[in-house]
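First the structure, in the form of C-alpha coordinates, and then the observations on it.
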Amino acid sequence: MPLSRTSPLVFVTSLWGLVFCAGCVGGGAPSDPYDLGTAKPGVSTEGGGGDGTLEGPMPDAGSRDSHFPLIDGTHWTYHHTTPVDAPWDETDTVTLGEYQGAPAFVLEDEEDAQGEQTHSTHVIDGTRIFRAYKEVTVGDDVVVTTTYDPAFLRYDEAWTKTGMSVTLDDDWTQKCIAASAASNCAPGAIKPGTTTHKYTVLDVAAHVSVLAGDFTAVKIQRDNVSSPETKLFWFAAGVGKVREESPASGAVTELSSYEIP
(Lines give C-alpha, C1' and ligand atoms only; values in the text may rest on other atoms or scores of the structure.)
Protein backbone atom coordinates (compact mmCIF):
# COMPACT_ATOMS: atom_id res chain seq x y z
CA MET A 1 0.00 0.00 0.00
CA PRO A 2 1.71 3.18 -1.16
CA LEU A 3 2.65 5.85 1.29
CA SER A 4 0.64 9.06 1.22
CA ARG A 5 1.02 12.48 2.77
CA THR A 6 -1.84 11.79 5.14
CA SER A 7 -0.87 8.21 5.98
CA PRO A 8 2.90 8.54 6.18
CA LEU A 9 4.08 5.03 5.33
CA VAL A 10 3.63 1.42 4.41
CA PHE A 11 5.10 -0.96 1.78
CA VAL A 12 7.80 -3.25 0.23
CA THR A 13 9.26 -6.61 1.14
CA SER A 14 12.93 -7.56 1.06
CA LEU A 15 15.37 -4.83 1.98
CA TRP A 16 18.17 -7.30 1.96
CA GLY A 17 18.73 -8.91 -1.38
CA LEU A 18 21.29 -6.19 -1.55
CA VAL A 19 23.87 -5.78 -4.09
CA PHE A 20 22.43 -2.19 -5.03
CA CYS A 21 21.53 2.38 -4.68
CA ALA A 22 18.51 10.76 -1.90
CA GLY A 23 17.86 14.61 0.55
CA CYS A 24 18.17 16.16 -0.62
CA VAL A 25 19.28 14.81 -3.80
CA GLY A 26 18.33 11.46 -5.10
CA GLY A 27 19.65 8.53 -7.06
CA GLY A 28 18.14 5.22 -7.97
CA ALA A 29 15.25 5.83 -10.31
CA PRO A 30 15.64 8.68 -12.82
CA SER A 31 14.09 12.07 -12.06
CA ASP A 32 12.03 11.91 -15.24
CA PRO A 33 10.13 8.65 -14.65
CA TYR A 34 10.07 7.67 -18.31
CA ASP A 35 13.44 8.94 -19.54
CA LEU A 36 16.66 7.33 -18.34
CA GLY A 37 18.53 10.31 -19.73
CA THR A 38 22.03 10.59 -21.17
CA ALA A 39 24.10 11.66 -18.21
CA LYS A 40 27.78 12.07 -19.13
CA PRO A 41 30.61 10.70 -17.01
CA GLY A 42 31.81 13.07 -14.31
CA VAL A 43 35.37 13.05 -13.05
CA SER A 44 36.30 14.69 -9.77
CA THR A 45 39.45 16.80 -9.83
CA GLU A 46 39.64 16.81 -6.03
CA GLY A 47 42.01 14.54 -4.14
CA GLY A 48 40.51 12.03 -1.74
CA GLY A 49 43.12 12.70 0.90
CA GLY A 50 43.74 10.83 4.10
CA ASP A 51 44.53 7.24 4.92
CA GLY A 52 42.65 7.06 8.16
CA THR A 53 40.04 5.28 10.17
CA LEU A 54 37.27 6.92 12.16
CA GLU A 55 38.02 6.74 15.86
CA GLY A 56 35.58 6.05 18.65
CA PRO A 57 32.42 3.94 18.74
CA MET A 58 30.27 3.72 15.62
CA PRO A 59 27.01 5.68 16.09
CA ASP A 60 23.70 3.93 15.51
CA ALA A 61 22.36 4.54 12.02
CA GLY A 62 19.85 7.40 12.00
CA SER A 63 20.65 8.45 15.58
CA ARG A 64 21.24 12.02 16.74
CA ASP A 65 25.02 11.48 16.52
CA SER A 66 25.03 9.71 13.17
CA HIS A 67 26.09 11.01 9.77
CA PHE A 68 22.49 10.83 8.55
CA PRO A 69 20.29 11.80 11.53
CA LEU A 70 16.67 10.74 11.16
CA ILE A 71 15.11 12.59 14.08
CA ASP A 72 11.48 13.69 13.95
CA GLY A 73 11.31 17.44 13.38
CA THR A 74 14.82 17.82 11.98
CA HIS A 75 15.25 20.29 9.16
CA TRP A 76 18.14 21.28 6.94
CA THR A 77 18.28 24.29 4.60
CA TYR A 78 20.47 23.92 1.53
CA HIS A 79 21.77 26.50 -0.94
CA HIS A 80 21.87 25.29 -4.55
CA THR A 81 24.06 26.71 -7.29
CA THR A 82 24.63 25.66 -10.91
CA PRO A 83 26.54 27.29 -13.79
CA VAL A 84 23.29 28.01 -15.66
CA ASP A 85 20.51 28.61 -13.10
CA ALA A 86 19.93 31.29 -10.50
CA PRO A 87 20.81 30.11 -6.97
CA TRP A 88 17.97 28.89 -4.78
CA ASP A 89 17.39 27.63 -1.24
CA GLU A 90 15.50 24.55 -0.13
CA THR A 91 14.51 23.21 3.29
CA ASP A 92 14.20 19.46 3.92
CA THR A 93 12.32 18.11 6.92
CA VAL A 94 12.08 14.72 8.67
CA THR A 95 8.80 13.28 9.96
CA LEU A 96 8.55 10.08 11.99
CA GLY A 97 6.28 7.41 10.57
CA GLU A 98 5.93 3.66 10.19
CA TYR A 99 6.88 1.30 7.39
CA GLN A 100 5.83 -2.34 7.40
CA GLY A 101 5.20 -2.16 11.12
CA ALA A 102 8.64 -0.70 11.90
CA PRO A 103 9.77 2.90 12.53
CA ALA A 104 10.53 4.83 9.35
CA PHE A 105 11.10 8.43 8.39
CA VAL A 106 9.70 10.64 5.63
CA LEU A 107 12.15 13.16 4.20
CA GLU A 108 10.31 15.99 2.42
CA ASP A 109 11.68 18.80 0.30
CA GLU A 110 9.95 22.07 -0.60
CA GLU A 111 7.59 22.62 -3.49
CA ASP A 112 9.33 23.91 -6.61
CA ALA A 113 8.01 26.47 -9.10
CA GLN A 114 5.70 23.83 -10.60
CA GLY A 115 4.31 22.92 -7.20
CA GLU A 116 6.20 19.62 -7.23
CA GLN A 117 7.31 18.11 -3.91
CA THR A 118 9.16 14.88 -3.11
CA HIS A 119 8.40 12.67 -0.11
CA SER A 120 10.98 9.92 0.45
CA THR A 121 10.49 7.12 2.98
CA HIS A 122 13.73 6.07 4.69
CA VAL A 123 14.30 2.93 6.71
CA ILE A 124 17.19 1.70 8.84
CA ASP A 125 18.68 -1.77 8.42
CA GLY A 126 21.72 -2.45 10.62
CA THR A 127 24.35 0.21 9.93
CA ARG A 128 22.66 1.33 6.72
CA ILE A 129 19.98 3.85 5.80
CA PHE A 130 17.90 3.18 2.71
CA ARG A 131 15.24 4.93 0.68
CA ALA A 132 12.49 2.34 0.26
CA TYR A 133 9.72 4.42 -1.30
CA LYS A 134 9.27 7.84 -2.92
CA GLU A 135 6.30 9.79 -4.14
CA VAL A 136 6.07 13.05 -6.01
CA THR A 137 3.09 15.30 -5.36
CA VAL A 138 1.74 18.42 -7.01
CA GLY A 139 -0.41 20.31 -4.56
CA ASP A 140 -2.18 17.58 -2.61
CA ASP A 141 -2.17 15.08 -5.49
CA VAL A 142 0.27 12.20 -5.90
CA VAL A 143 1.47 12.11 -9.51
CA VAL A 144 4.33 9.56 -9.50
CA THR A 145 5.44 6.85 -7.06
CA THR A 146 8.68 4.85 -6.96
CA THR A 147 9.22 1.70 -4.91
CA TYR A 148 12.66 0.18 -4.34
CA ASP A 149 13.36 -3.51 -3.65
CA PRO A 150 16.28 -3.91 -3.01
CA ALA A 151 16.23 -0.40 -1.64
CA PHE A 152 18.46 2.59 -2.44
CA LEU A 153 21.40 3.09 -0.07
CA ARG A 154 21.81 6.59 1.32
CA TYR A 155 24.50 6.09 3.98
CA ASP A 156 26.33 3.35 5.88
CA GLU A 157 27.79 4.03 9.34
CA ALA A 158 30.24 1.18 8.64
CA TRP A 159 32.07 3.52 6.23
CA THR A 160 34.82 4.09 8.77
CA LYS A 161 38.00 3.73 6.71
CA THR A 162 39.32 5.68 3.73
CA GLY A 163 39.36 3.52 0.62
CA MET A 164 36.36 1.34 1.48
CA SER A 165 34.16 0.58 -1.53
CA VAL A 166 30.94 -1.30 -2.29
CA THR A 167 28.83 -1.79 -5.43
CA LEU A 168 25.09 -2.29 -5.02
CA ASP A 169 21.97 -2.59 -7.18
CA ASP A 170 18.56 -1.13 -6.44
CA ASP A 171 15.50 -2.33 -8.32
CA TRP A 172 12.81 0.30 -8.74
CA THR A 173 9.28 0.44 -10.12
CA GLN A 174 7.75 3.78 -11.06
CA LYS A 175 4.02 4.24 -11.43
CA CYS A 176 2.36 7.21 -13.06
CA ILE A 177 -0.72 8.15 -11.05
CA ALA A 178 -1.76 11.41 -12.69
CA ALA A 179 -0.70 13.55 -15.61
CA SER A 180 0.99 16.85 -14.85
CA ALA A 181 3.80 19.06 -16.08
CA ALA A 182 5.87 17.61 -13.25
CA SER A 183 5.15 13.93 -13.90
CA ASN A 184 5.47 14.02 -17.69
CA CYS A 185 3.87 10.59 -18.05
CA ALA A 186 0.62 8.87 -18.91
CA PRO A 187 -1.64 7.85 -16.00
CA GLY A 188 -1.42 4.13 -15.37
CA ALA A 189 2.00 3.71 -16.97
CA ILE A 190 4.43 1.49 -15.05
CA LYS A 191 8.18 1.36 -15.59
CA PRO A 192 10.61 -0.99 -13.81
CA GLY A 193 14.38 -0.68 -13.80
CA THR A 194 17.63 -1.38 -11.99
CA THR A 195 20.34 1.10 -11.07
CA THR A 196 23.86 0.10 -10.06
CA HIS A 197 25.97 2.39 -7.89
CA LYS A 198 29.52 2.13 -6.65
CA TYR A 199 30.22 3.90 -3.36
CA THR A 200 33.80 4.80 -2.43
CA VAL A 201 35.01 6.39 0.81
CA LEU A 202 37.46 9.09 -0.31
CA ASP A 203 38.23 10.50 3.13
CA VAL A 204 36.90 9.85 6.63
CA ALA A 205 38.18 13.19 7.93
CA ALA A 206 37.64 15.68 5.11
CA HIS A 207 37.57 19.33 6.10
CA VAL A 208 34.80 21.26 4.35
CA SER A 209 33.55 24.84 4.68
CA VAL A 210 29.95 25.67 3.79
CA LEU A 211 27.53 28.46 4.65
CA ALA A 212 26.55 26.69 7.89
CA GLY A 213 30.18 26.57 9.08
CA ASP A 214 33.29 24.39 9.02
CA PHE A 215 32.93 20.63 9.39
CA THR A 216 34.95 17.45 9.47
CA ALA A 217 33.08 15.02 7.27
CA VAL A 218 33.14 11.61 5.61
CA LYS A 219 33.55 12.23 1.89
CA ILE A 220 31.82 9.71 -0.38
CA GLN A 221 31.99 9.31 -4.15
CA ARG A 222 28.93 7.70 -5.69
CA ASP A 223 29.29 6.48 -9.27
CA ASN A 224 26.16 5.57 -11.21
CA VAL A 225 27.35 2.60 -13.25
CA SER A 226 24.04 2.17 -15.09
CA SER A 227 23.92 5.70 -16.51
CA PRO A 228 27.42 7.11 -15.98
CA GLU A 229 27.37 9.94 -13.47
CA THR A 230 29.55 10.81 -10.49
CA LYS A 231 28.42 12.62 -7.36
CA LEU A 232 30.40 13.63 -4.29
CA PHE A 233 28.89 13.85 -0.80
CA TRP A 234 30.18 15.14 2.52
CA PHE A 235 28.43 13.83 5.67
CA ALA A 236 29.23 15.22 9.14
CA ALA A 237 28.48 13.31 12.34
CA GLY A 238 25.59 14.82 14.28
CA VAL A 239 24.67 17.02 11.31
CA GLY A 240 24.01 15.02 8.14
CA LYS A 241 24.81 15.94 4.57
CA VAL A 242 26.72 19.23 4.46
CA ARG A 243 27.71 19.31 0.80
CA GLU A 244 26.90 17.60 -2.50
CA GLU A 245 28.62 18.16 -5.80
CA SER A 246 28.09 16.97 -9.39
CA PRO A 247 31.47 17.43 -11.08
CA ALA A 248 30.14 17.00 -14.62
CA SER A 249 27.40 19.64 -14.36
CA GLY A 250 29.02 21.93 -11.80
CA ALA A 251 25.93 21.77 -9.56
CA VAL A 252 26.68 22.27 -5.87
CA THR A 253 24.42 21.91 -2.83
CA GLU A 254 25.71 23.17 0.51
CA LEU A 255 24.19 23.35 3.98
CA SER A 256 23.28 26.87 5.13
CA SER A 257 21.47 26.05 8.37
CA TYR A 258 20.02 23.12 10.29
CA GLU A 259 18.20 22.17 13.46
CA ILE A 260 18.06 18.70 15.03
CA PRO A 261 15.75 18.45 18.06
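The values are calculated or read from the model by the stated rules, or taken from the named source; none is laboratory data. None of these values were measured; they are calculated from a predicted model. What goes into the accessible areas is simple: the full protein's heavy atoms, side chains included, and nothing from ligands, DNA or RNA. Shrake-Rupley method; radii C 1.70, N 1.55, O 1.52, S 1.80 Å.
Taking every pair of alpha-carbon atoms in region 216-261, give the share separated by more than 12 Å as a whole percent.
Pairs farther apart than 12 Å: 63 percent.
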Checklist entry - Once fully extended, how much extra length lies between A205 and I260, figured as 0.36 nm per residue of separation less the alpha-carbon to alpha-carbon distance? => result 17.6 nm
Next on the checklist: List the lysines whose Cα sits under 24 Å from the Cα of K134, skipping any in the same chain fewer than 8 residues away.
Outcome noted: K175, K191, K198, K231, K241
Item to check | Rounded accessible area of Y258 (nearest 10 Å², 1.4 Å probe) | outcome: 90
Next on the checklist: Using only the Cα atoms of region 124-177, what are the Rg and Dmax in Å?
Outcome noted: 14.5, 44
Checklist outcome for this item: Diffusion coefficient in µm²/s returned for region 148-261 by Stokes-Einstein, Kirkwood Rh over C-alpha pairs, 37 °C and 0.692 mPa s, is 204
Checklist entry - Among the aspartates and glutamates, which fall within straight-line cross-link reach of K219, defined as a Cα-Cα distance under 15 Å, with same-chain neighbours fewer than 8 residues apart omitted? => result E46, D51, D156, E157, D203, E244, E245, E254
Checklist entry - Per 5 Å bin, what is the whole-percent P(r) computed from every C-alpha pair distance within region 57-114? => result 4, 15, 19, 20, 15, 12, 8, 4, 1
